[in-house]
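Undergrad: Once you've had a glance at the structure underneath, I'll fire off some questions.
The values are calculated or read from the model by the stated rules, or taken from the named source; none is laboratory data. None of these values were measured; they are calculated from a predicted model. Please note: Cβ atoms are built from the backbone with ideal geometry, for glycine as well, and neighbour counts cover all protein chains shown. Accessible surface areas use protein heavy atoms only, side chains included; no ligands, DNA or RNA. Shrake-Rupley method; radii C 1.70, N 1.55, O 1.52, S 1.80 Å.
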Protein chains: 2
Amino acid sequence: MTDDRRSAGAPTLEDVARAAGVSRATVSRVINGVRNVDPAIQEVVRQAVSVTGYAPNRAARSLVTRRADAVALVVSGAGVEAEAEAGVGAEAAAGSGAGGGSRATAGGGGSFTAQVFADPFFGRVVTGVVDYLRPRGMHPVLMFAETSRARDEVVAYLRQGSADGALVVSTHAEDPLPGLLTEAGLAAVLFARPARPVPISYVDLAHQDGARLAAEHLLARGCRRLATISGPLDVPAGRARLTGFRDTLARHGHAYIPVAEGRFTQESGEVAMERLLVEHPDLDGVFAANDLMATGACHVLREHGRRVPEDVAVVGFDDSSAALACRPPLTTVRQPVEAMAAEMARLLLDRPPGPSSPATSVIFEPELVVRASA
Amino acid sequence: MTDDRRSAGAPTLEDVARAAGVSRATVSRVINGVRNVDPAIQEVVRQAVSVTGYAPNRAARSLVTRRADAVALVVSGAGVEAEAEAGVGAEAAAGSGAGGGSRATAGGGGSFTAQVFADPFFGRVVTGVVDYLRPRGMHPVLMFAETSRARDEVVAYLRQGSADGALVVSTHAEDPLPGLLTEAGLAAVLFARPARPVPISYVDLAHQDGARLAAEHLLARGCRRLATISGPLDVPAGRARLTGFRDTLARHGHAYIPVAEGRFTQESGEVAMERLLVEHPDLDGVFAANDLMATGACHVLREHGRRVPEDVAVVGFDDSSAALACRPPLTTVRQPVEAMAAEMARLLLDRPPGPSSPATSVIFEPELVVRASA
């Protein structure tokens, strides 16, 4: 249907310029999103575009500008075969990451995409990216790369110039995509540092500082028999949150802290809490390395007749929508995911031209948000 | 950086054909995703593409094929000004729809995008769309249209040929976008029928039948003092679920059913449940028109010392991840959102060429999923 609008007789740039009473060059600048055009003039041109029905062909423009004005937003895993899909996403490199476990059986049948969206984390990434791109006339192309074929497709897509670069949220420590992108000389920025050293730009959180805030808060409440539900320990964020929690407590004389490893899903938090309760029935404080696991812990504590926070105080991590949905609402460590995602987009688009700009990193500071659970 | 790869000396289609030991035509067919190419040959060509580093230019191809091989996935609202953003999304036309309320303050500061992703519904739509598009070498471009300017941008984007059509999830009964798209002669398919008559294709659920399943289940359990938390009543799905529930009960002699109207958010479910409990403290069964509101109802019932399901049985709607995350896990009416979203993509891509193909509709059947809450 759009074809009809490109046939002879279709409105031209000149028609728009005439209707707006400005030069062709000005129309072109507004249409191509050049900055520093007077907002009033932008508005006049936009109205003229609307009145005339002018539609510049984006493919033709891309050929000239060599820019796609699009960004790929890629959620990647570590799977090799398509058959591996159902098993991926249980671990998450990116702070919180892909949901999964039994929850994925509701609303999605356990596919990688369903697992990704089961966690409120990813929606926050999209929000931050869209809020940054949209005022710049750009939109994210959503891609998933959990198999080797899907990764090849992402690399090919970028090589074709279909997008000007990739924003990558990696859900697995073994994810090869960051390495593939840098080897191909493609522009990319990661959410969270890569688990293996790769010369690629990223945004991340000071995870250890966040865990320190959680530990200090639990100590200040008077908790003395503390335990933690960690994230997957092959993931930098999982390791760093555990280290930060333990180191802070060690400085306060707590030499040994029981740990149950989870996978950043609500279900894995439930399983971990059951185990901790069996082994340490007298515990009075728990730090869970994300809000979904903290929610699972609260469910299990209640089922065992423990009041939160009176008997056991619980602190989560992320400050996602799960923190407010939980009963009681979670005291948690805020990760400013939206701001981090926006910064990721800024790093990608503001990079100096040329294939060999050095990798850069931006680290955000966590913040304690006190609600009812601790 | 991709520019470097297009300069003189860059690998050509001939290089790939030589490396793969096949004809240029075969390489072209594989690269352009033509079906019915032997999978073994596809693999050989893909490896040759990888080895040679060949990258066909997508913009150039789009100019020839007049297809973008991209689809816009648009979440639209009804706002007029950018300033209206924070207020939109409270109501949802699409079955479940945009989250909001107090939850949006965690993880997003209440922006439209944040509200959309606070509801597990939208992730399921993305999952279904991606699972359909990906094997066809296509990817969704994610767009939000909650203001008049954003709507103009979506229309311009499609007119420019940047995408071959739009899949639209409307979050508000007053959304003007479906009308704008049909007026512009652009290809589009809606999730859920439009609140006002517009000649546009859509997929939808038999909502009344779903509500009937909920009513019959509560009656079969022996519940006799029933109430319902409805969705927003200016939205077709909200109205249809209420009508289906009431009509079924009327046929069983229940002439009057108390209703509290919610907005498809957990918080609105809590407020509605509080009100119902004050006015009808002896109720023994509640049908909430989505899982988030049912979760809120369970929280409030527990806070008032009512056991679910022993004292009050609760049935939700959607079978989203919220249904399994709830304690107790929710008995609910399953809306096959992923299958519906895939069908939406199929309708868009399989449409007959030409601007005036008639609007078509596909209605899915709901299913009762029995868990612990009723």
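Undergrad: Once you place label points 7 Å from the Cα toward the Cβ at B:Ala359 and B:His252, how far apart are they in nm?
TA: Roughly 3.5 nm, to one decimal.
Undergrad: Can I ask one more? What is the calculated FRET efficiency for A:Ala25 to B:Glu310, with r their C-beta to C-beta distance and R₀ = 51 Å, to the nearest 0.05?
TA: On the way: r = 74 Å, r/R0 = 1.46.
The formula returns an efficiency of 0.10 here.
Undergrad: Ignoring ligands and nucleic acids, what accessible area does B:Ser361 show with a 1.4 Å probe (Å², nearest 10)?
TA: 60 Å²
Undergrad: Same structure again: Which distances, in nm and shortest first, link the A:Thr12 label point to the same label point in every other copy, taking 7 Å along Cα→Cβ?
TA: Between copies, matching label points for A:Thr12 lie 3.4 nm apart.
Undergrad: Provide the three semi-axes, in whole Å and in decreasing order, of the ellipsoid equivalent to segment A:275-324 as defined by the square roots of 5 times the Cα gyration tensor eigenvalues. Write down the numbers at each step before the final one.
TA: Values: eigenvalues 69, 22, 17 Å².
Taking √(5λ) for each Cα gyration eigenvalue gives 19, 10, 9 Å.
Undergrad: Starting from the amide H of A:Val71, placed 1.01 Å from N in the peptide plane, find each other amide H under 5 Å away whose residue is 5 or more places distant or on another chain.
TA: Sorted by chain and number, the residues that satisfy this are A:His139, A:Val141, A:Asp164.
Undergrad: Non-local amide H neighbours of B:Gln335 (under 5 Å, H modeled in plane, Pro and chain starts lacking H): which ones?
TA: Long-range HN contacts for B:Gln335: B:Asp318, B:Asp319.
Undergrad: What's the extension gain from B:Ala372 to B:Arg134 if we count 0.36 nm per residue and subtract their Cα-Cα distance? The partial results should precede the final answer.
TA: Working: separation 238, 0.36 × 238 = 85.68 nm, distance 3.63 nm.
That works out to 82.0 nm of additional length.
Undergrad: How many percent of all Cα-Cα pairs in segment B:207-334 sit more than 26 Å apart? Let's see the in-between values first.
TA: Working: 595 of 8128 pairs.
Roughly 7 percent, once rounded to a whole number.
Undergrad: Which far-off residues, 5 or more places away or on another chain, put their amide H under 5 Å from the one on B:Val312, with H placed in the peptide plane?
TA: Placed amide hydrogens put B:Arg307 under 5 Å from B:Val312.
Undergrad: Let me ask something else. Just counting partner chain Cβ atoms within 10 Å, what average do the residues of peptide A:157-166 show around their Cβ? Present the calculation step by step, with values, prior to reporting the outcome.
TA: Numbers: counts 4, 3, 11, 12, 11, 11, 4, 2, 2, 0.
Mean number of neighbouring Cβ atoms from other chains: 6.
Undergrad: Through the Karplus equation 6.51 cos²θ - 1.76 cosθ + 1.60, θ set to phi - 60°, convert the phi angles of segment B:265-280 into ³J(HN,Hα) values in whole Hz; use x for Gly and Pro.
TA: For segment B:265-280, the Karplus-derived couplings read 10, 4, 4, 5, x, 5, 4, 5, 5, 4, 5, 4, 5, 5, 7, 9 Hz, x marking Gly and Pro.
Undergrad: May I ask you to compute the full-extension gain from A:Arg149 to A:Leu13, defined as 0.36 nm times their residue separation minus their alpha-carbon distance, rounded to one decimal in nm?
TA: Stretched fully, the A:Arg149-A:Leu13 segment lengthens by 44.8 nm.
Undergrad: Give me the accessible area of A:Ser230, 1.4 Å probe, in Å² rounded to the nearest 10.
TA: Surface accessible to solvent at A:Ser230 totals approximately 0 Å².
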